[in-house]
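Comments concern the structure below.
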Amino acid sequence: MAMKALSKATIYQVAQLAGVSIATVSRALRDSDLVTPETRERVRAAAEQLRFTPSGSARSLAEGRHAANGIVFPDLVGPYYAEVVLGYEAAAAASGSSVLILATNGRRDPAAAVKELAGRVDGLTVMGRTVDDDVVAGIASTGLPVVLLARDPVDGVDTVRAGNTSTARALAEHLLEHGHRDITFLGDPDDSPDVAGRYEGVKAALKTRRARLTLVRGNGLDLDSGEAAAGDIMRTRPDAVICANDELALGLRLAAGEDLAVTGWDDLLAARFAGLTTVRQPMRELGATAARWLHRRISEPPNQRAAARRRILATEVVIRRSCGVHEEVHR
């Protein structure tokens, strides 16, 4: 079981090399009677080969004391991220873990910041396009448990997402059924895997119909960005606008008025009061699922970890008056 020695080996790598759990590594290095002499010798040999020095945080991790995991967000501004954080923290707390949060927006070197956080936590959740796939793969290769949230999969890493493409197609088809043939999509597919999936679903729906699709990328996903995009959108006078999220849709309606058919995504509380047609996604459950999966990975012996898992949580179209329907309908 030869393994290349590392200058900063982790307790996970020692456990993997010795074929035991991280808790067993901690006990063996403390000469606990709970570990057989043969296992203690195997763990010590692995630690020596990897030049591993147990730190206080490593002991805490192995023994389940003061455990902390990390989550990386693109940004922390807006109700969507707040809902995901609430779900994540609640599930992490139920597992006895505290949470360290890192937002990469505005950072000069996001990859360095994420790698630094990875060195201080028991496991890491990475959301959206915060860092490249090779950064994720590199962190996972050290043995640190990693879960991806709302982003495209990386080989060997658990991924949890909400449904985007098929639900966006259903939303676009609803607009087509009501006679809308000139549709604008507001949002930048290059900024987010979620937005990219929604745009692909809308394109797929319009591809088979005599309809025109215009992409307006805008400049962000917040209320102000929706208001700012109104001028460009209203100059082309589309039949309907499919916005990448509720905040954009609400900002657009503030600036353009209620005569234009507008839809959003998320089903924020404000969307319900505004009568906004949207897509409901389980924001808190996204965060909670990621936290539960990460805890499970942290608790598994490295040599017994199952294959990477993928899950897509269900979303649903909610029809309200912003697209001409006066009674709420779920599809």
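Readers should treat all values here as calculations from the given coordinates under stated rules, not as data from a laboratory. In this text the structure is predicted, and so the values were computed from the model without any measurement. Ideal geometry is used to build each Cβ from the backbone, glycine not excepted, and the neighbour counts take in all protein chains shown.
Worth pointing out:
- For the chain, averaging the sequence separation of C-alpha pairs within contact (under 8 Å, six or more residues apart) and dividing by the residue count gives a relative contact order of 18 percent.
- Database remark: amide H of Ala261 closer than 5 angstrom to the amide H of Val241 (H placed geometrically; neighbours at sequence offset of 5 or more, or on other chains; Pro and chain starts carry no H).
- Between the amide H of Leu144 and any residue lying 5 or more places away or on another chain, no distance stays under 5 Å, with hydrogens modeled in the peptide plane.
- Distance (nanometres) between label positions extended 7 Å along Cα→Cβ at Arg272 and Arg310: 3.3
- Share of pairwise Cα-Cα distances greater than 27 Å in the range 71-219 is 33 percent (whole percent).
- Rounded Å value of the spacing that divides the Cα centres of the range 255-311 and the range 64-108: 14
- Here the peptides 192-199, 136-143 are ranked by packing, the mean other Cβ count within 10 Å, and the order with the highest first is 192-199, 136-143.
- Between 0 and 90°, nearest 10: helix 193-207 axis offset from the chain longest Cα axis: 40
- Per-residue Karplus couplings for the range 166-176, computed as 6.51 cos²θ - 1.76 cosθ + 1.60 with θ equal to phi - 60°, are listed in order as 5, 6, 5, 5, 5, 5, 5, 5, 4, 5, 4 Hz, Gly and Pro entered as x.
- Spacing of the two label points (7 Å from each Cα toward its C-beta) at Glu177 and Asp155, in nm: 4.2
- Share of alpha-carbon pairs per 10 Å distance bin for the chain, given as whole %: 6, 24, 27, 18, 12, 8, 4, 1
- For the chain, the mean residue ellipticity at 222 nm estimated from helices alone is -13500 deg cm²/dmol, where every DSSP H run of n ≥ 4 contributes -39500 (n - 2.57) and the total is divided by all residues, rounded to the nearest 500.
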